[in-house]
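Working notes for the structure below.
The values are calculated or read from the model by the stated rules, or taken from the named source; none is laboratory data. What you are looking at is a predicted structure, and each value in this text was computed from that prediction instead of being measured. Virtual Cβ from ideal backbone geometry, glycine too; neighbours counted across all protein chains shown. Heavy atoms of the whole protein, side chains included, go into the accessibility calculation; ligands, DNA and RNA do not. Shrake-Rupley method; radii C 1.70, N 1.55, O 1.52, S 1.80 Å.
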Amino acid sequence: MWHASLPWWEFIIRGLIIYVFLIVTLRLTGKRQVGQLAPFDLVLLLVLSNAVQNAMNGGDNSITGGLISASTLIVLNGLVGRATTKSKTLEKLIEGRPEVLIHNGKLYTEVMERESLTHHEVNAALRAAGCSSVEEVHCALLETTGQITVQPKRKAG
């Protein structure tokens, strides 16, 4: 139960490798809020966690190994969070930058395609901002969180 079948440092190395792999892979797949996950996105995350479990623990099912692995992931996440607040370059690399989706009524479909956004998602954000069409939008941004923020054009009057 407490006896790990691997040396403690191997759990840390395995956790580090998996953490970096998942950060890079998920960063490359586009921006989406957790609340905006489609069912297939959720299934992917669940299957990913199961797929990397054995790679992280090397077949070890001890409590000690699990605690070391979990602690490694928590510490790495904290370090990455601190590092991204201190380095704008690292922040851009890990979190990305906001993308302009609409500017002065012009929709940038290449941004939508690159970020895997559907017209339904963009239209839902427009409706939430009180806009019925792209032409009514001064600026719409896809934030690094995956949220779409919309600034309507000012009405003359």
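So for region 51-66 (the condition being open to solvent by 50 Å² or more (accessible area, probe 1.4 Å) and part of a strand (DSSP E or B)), does at least one residue qualify? No, region 51-66 has no match at all.
The criterion of being among the hydrophobic types (A, V, I, L, M, F, W, C), within 30 Å of residue 80 (Cα to Cα) and surrounded by fewer than 18 Cβ atoms within 10 Å (Cβ to Cβ) does not hold for residue 150.
Just one of the listed residues (89, 72) is at pLDDT 85 or above and surrounded by fewer than 15 Cβ atoms within 10 Å (Cβ to Cβ), and it is 89. Beta carbons closer than 6 Å, at least 6 apart along the sequence or on distinct chains, pair a first residue in region 4-30 that is in contact (Cβ under 8 Å) with a residue 24 or more places away in the chain with a second that is open to solvent by less than 80 Å² (accessible area, probe 1.4 Å) and in a loop (DSSP other than H, G, I, E, B) for 4/60; 4/62; 5/60; 6/58; 6/60; 30/115; 30/116. In region 102-130, which residue that is aliphatic (A, V, I, L, M) and in a strand (DSSP E or B) is surrounded by the most Cβ atoms within 10 Å (Cβ to Cβ)? Residue satisfying both the conditions and the ranking: 102.
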